[in-house]
Amino acid sequence: MALKERLAEDLKSAMKDKNIVRKNTVQMIRAGILQVEKDNKVTLEDDGIIDVIAKQLKQRKDVLPDYEKSGRDDLIAELKAEMDVLMEYLPKQLTAEEIEEAVAEAIKSTSASSMKDMGRIMAEVMPKVKGRADGRMINEAAKKLLSQC
């Protein structure tokens, strides 16, 4: 089943089950997809939809520390529930070891030796791990491996 159809079915079931967090999260995903489609005048396939979902997940991860600083436990719990729902639609995330492996391979293939080569490394790794790893994690792994060179 295509991701767009799965989202529609999950929205229906969340409404029937009166699962408010899931319903709201799926609606936000669908709104994000619609926004991208209208802005770019395209119909998104699964890869584009995964990009939209990954972007929404990143937004929530970025705002989580602010909520934790303010001590809003109700908002933190809701945000974590939304993040769990978003993770269901993304491909299985890579472990830190798998990310380091991919970065090490990119360092070898690009003959990178210093931080100046970070752009080439990122350009090599990002298409391979699209939707399965956060850019920040890849960046940290690249810095760690380059500092060992």
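The values are calculated or read from the model by the stated rules, or taken from the named source; none is laboratory data. Every value quoted in this text rests on a predicted model; they were computed, and no experiment measured them. Cβ: placed from backbone, ideal geometry, glycine included. Neighbour counts: every protein chain shown. To get the accessible areas, we keep the full protein, side chains included, count just its heavy atoms, and leave off ligands, DNA and RNA. Shrake-Rupley method; radii C 1.70, N 1.55, O 1.52, S 1.80 Å.
So what's the net charge close to residue 64: Lys and Arg +1, Asp and Glu -1, counting the other residues with Cβ under 12 Å from its Cβ?
Charge balance in the 12 Å sphere: +1.
Please find, in a Gaussian network model of the chain (springs between Cα atoms separated by less than 10 Å), the residue of 119, 48, 32 whose mean-square fluctuation is greatest.
Among 119, 48, 32, the largest mean-square fluctuation in the Gaussian network model of the chain belongs to 119.
Under a plain spin-label model, where a point goes 7 Å from the Cα along Cα-to-Cβ, how far apart in nm are residue 108 and residue 64?
Placing both labels 7 Å beyond Cα along the Cβ direction yields 3.2 nm.
Report the full-extension gain for the segment residue 47 to residue 88: residue separation times 0.36 nm, less the Cα-Cα distance, to one decimal in nm.
Numbers: separation 41, 0.36 × 41 = 14.76 nm, distance 1.49 nm.
Length gained, residue 47 through residue 88: 13.3 nm.
Can you give the longest stretch of the chain with no exposed loop site, where a site means trypsin sites (Lys or Arg not before Pro) in a DSSP loop (not H, G, I, E or B) with at most 11 other C-beta atoms within 10 Å? The partial results should precede the final answer.
Details: sites that count: 18, 41, 92.
So the longest stretch without any such site is 93-149.
For the range 65-147, what is the number of Lys pairs with C-alpha distance below 16 angstrom, counting only pairs 8 or more positions apart or on separate chains?
Number of lysine pairs found: 9.
Using alpha carbons only, how many angstrom separate the centre of the range 69-98 from the centre of the range 2-33?
The distance from the Cα centre of the range 69-98 to that of the range 2-33 comes to 17 Å.
Could you give the angle, 0 to 90 degrees to the nearest 10, between helix 73-89's Cα long axis and the longest principal axis of the Cα atoms of the chain?
Compared with the principal axis, the helix lies near 80 degrees.
For the range 9-99, go through all pairs of different Cα atoms, get the mean of 1/r, take its inverse, and jot down that Kirkwood value in Å. All intermediate terms of the calculation are to be shown ahead of the outcome.
On the way: mean 1/r = 0.0693 Å⁻¹.
Kirkwood radius, the range 9-99: 14.4 Å.
For the chain, which whole percent of the accessible surface, found with a 1.4 angstrom probe, sits on carbon and sulfur atoms? Intermediate results must be reported in sequence, preceding the final value.
On the way: 4910 of 9350 Å².
About 53 percent, which is the carbon plus sulfur part of the accessible surface.
How much accessible area per residue does the range 1-126 have, counting only protein heavy atoms and a probe of 1.4 Å, in square angstrom?
Numbers: 7930 Å² over 126 residues.
Dividing the accessible area of the range 1-126 by its residue count gives 63 Å².
Helix 46-70 versus the longest principal axis of the chain: what is the Cα-based angle in degrees, 0 to 90, to the nearest 10?
90
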